[in-house]
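Any read-out appearing in this document is the output of simple, stated calculations on the displayed coordinates, not a laboratory observation. Values in this document were obtained by computation on a predicted structure and should not be read as measured data. Cβ placement follows ideal geometry from the backbone for every residue including glycine, while neighbour counts extend to all protein chains displayed.
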């Protein structure tokens, strides 16, 4: 079953020039859809939608957390889910 999740990744400076979003899609078989982003030489964030099977999305989020990406759930998505 394919589902989608909105997240906001806040990048630490050491990951700004790494292909993190590409790696998420490639390693975990998910589709990434960037909605908004702001990247500079000192900081960055990406607001995006992740689509795929729920276990694949969870593994991708776990991987991102382990690589020091700060994750914020999308406020609208959380409100829509009733949490």
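Structure above, values below:
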| item | result |
| --- | --- |
| Mean residue ellipticity (222 nm) of the chain, computed from DSSP H runs ≥ 4 via -39,500 (n - 2.57), nearest 500 | -10000 deg cm²/dmol |
| Rough spin-label spacing in nm, given labels placed 7 Å along Cα→Cβ, for residue 4 and residue 38 | 2.4 |
| Cα gyration tensor shape of region 3-81, rounded if a/c is under 1.5, else prolate or oblate by comparing a/b with b/c | oblate |
| Choice from 56, 47, 38 showing the highest fluctuation, given a GNM over the chain with Cα pairs closer than 10 Å | 38 |
| Gaussian network model of the chain, Cα within-10 Å springs - most flexible of 21, 39, 57 | 39 |
| Separation in nanometres of the label points that stand 7 Å from Cα toward Cβ, at residue 72 and residue 17 | 2.6 |
